[in-house]
Amino acid sequence: MSKKLEVLPDQGALIARALELILSNIETAIQERGQFTIALSGGSTPKPLYEAISTQKLPWDKIHVFWGDERYVPPDHPDSNELMARRAWLDRVDIPTGNIHAIPTNETDPAAAAVQYERHLQEFFHSSPDELPSLDVILLGMGDDAHTASLFPHTEALKVTDKLITVGNKDGNPRITFTYPFINSARCVIFIVAGANKRPALAQIFAPVADEFTYPSRLIQPQGELWWLLDAAAGSDLK
Ligand code: 6PG
C-alpha cells in the first residue's frame with residue numbers, strides 16, 4: 001500500500017485535487033482495461049466534486065458508477081446518496097443507464113438488498129464468491145466519529161470480512177455498505193475530508209495506535225493507493 005496525505009488550502013483546492021486524481025485514474029484504467037469503475041460516497045463533501053466531474057468531456061460509455069454505501073431509503077428520498085449523485089453529476093452527462101449501478105433499497109429486508117448488490121457486483125466483475133474484485137477508485141468521506149462509508153463505530157458491520165456488501169447501522173437506521181475488506185481490494189482509495197469538525201477524528205486516524213472499532217476509517221488500508229486529501233481546516237496540524 002502507498003499512503004499519501006495532502007493538505008490543500010481550502011475546500012475548492014481539495015475538490016480540484018480530487019478531480020485531478022480521478023481523471024488520472026480514468027485515463028489509466030481505460031488505457032489498461034478498457035473501462036473505469038468507481039464507487040461514490042455520500043454526504044456533503046463530494047457534491048462539488050461530482051458537479052466538477054460532470055463538466056468534463058469523458059468517454060462515459062466506458063465509465064461505471066457504483067456506490068460504496070447507501071441510506072436505506074427510496075432513490076427519490078432527500079437522504080439518498082444516489083439522488084445526490086444523479087442531480088450533481090449523472091443526470092448532467094450522457095452516461096448509459098446500464099453504467100449506473102445503484103444500490104437496491106426496495107427490498108423489505110436490507111439484508112436481502114445487500115445480497116442482491118453483492119451478486120450484481122460479482123456478475124459485473126465475473127468474480128467468484130470467495131474473490132474480492134478490485135474497483136479502480138473508491139471515493140470515501142469520513143464522519144466526525146471517524147466512520148467511513150456506512151461502517152460506524154462499534155457496529156456489527158465492522159466484523160464482516162467474508163462478504164463484499166453488508167448492512168450497516170446508523171442510530172438504528174439500516175444502511176447498505178461495502179465491507180472494509182472489499183474497500184481494501186480497490187486499486188485506489190481516495191478520502192476527501194473537509195472542516196475543522198473532523199480534526200479530532202483525524203488525529204486518531206493518524207495516531208500510531210488507536211482502536212479500529214472506535215475509529216473505523218483506520219481499517220482502510222488498501223492493497224493499492226491510499227490518498228487522504230484534506231482541507232487546511234481539517235488537516236493543517238497533520239502536515
Ligand atoms: C454517507 C457517506 C458517509 C460520509 C461521511 C462524511 O452516506 O453519509 O457515505 O460516509 O462520507 O458521513 O460526510 P460529509 O462529507 O457530509 O462530512
Do we find that Pro153 is at pLDDT 95 or above and either within 15 Å of the ligand (Cβ to nearest atom) or assigned to a loop (DSSP other than H, G, I, E, B) (or both) in this structure? yes
Among the acidic types (Asp, Glu), assigned to a loop (DSSP other than H, G, I, E, B) and modelled with pLDDT of 95 or more - does that describe any residue in segment 19-27? no
When Phe191 is evaluated against the numbered criteria (1) surrounded by fewer than 21 Cβ atoms within 10 Å (Cβ to Cβ); (2) over 18 Å from Thr161 (Cα atoms), which criterion, by number, is the only one it fails? (1)
Qualifying position, being open to solvent by 60 Å² or more (accessible area, probe 1.4 Å), charged (D, E, K, R) and not in a loop (DSSP other than H, G, I, E, B), among Arg175, Arg199: Arg199
Among the residues of segment 105-137, what is the count of those that are surrounded by 16 or more Cβ atoms within 10 Å (Cβ to Cβ) and over 17 Å from Lys163 (Cα atoms)? 3
Need pairs with beta-carbon distance below 6 Å; first residue under 16 Å from Thr37 (Cα atoms) and within segment 171-194, second within 11 Å of the ligand (Cβ to nearest atom) and open to solvent by 10 Å² or more (accessible area, probe 1.4 Å); sequence gap 6+ or separate chains. Phe178/Ala149
When you check Asp109 against the structure, is it modelled with pLDDT under 95 and out of contact with any helix residue (DSSP H, G or I) (no Cβ under 8 Å at 6 or more places or on another chain), yes or no? no
Inside segment 141-172, the number of residues satisfying the requirement of being crowded, with 24+ Cβ neighbours inside 10 Å and more than 25 Å from Gly224 (Cα to Cα) is 0
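The values are calculated or read from the model by the stated rules, or taken from the named source; none is laboratory data. Quick caveat: nothing in here was measured; it's all calculated off a predicted structure. Don't worry about glycine lacking a Cβ; one is built from the backbone with ideal geometry, like all the others, and counts go over all protein chains shown. The accessibility values were calculated without ligands, DNA or RNA, using every heavy atom of the protein model including side chains. Shrake-Rupley method; radii C 1.70, N 1.55, O 1.52, S 1.80 Å.
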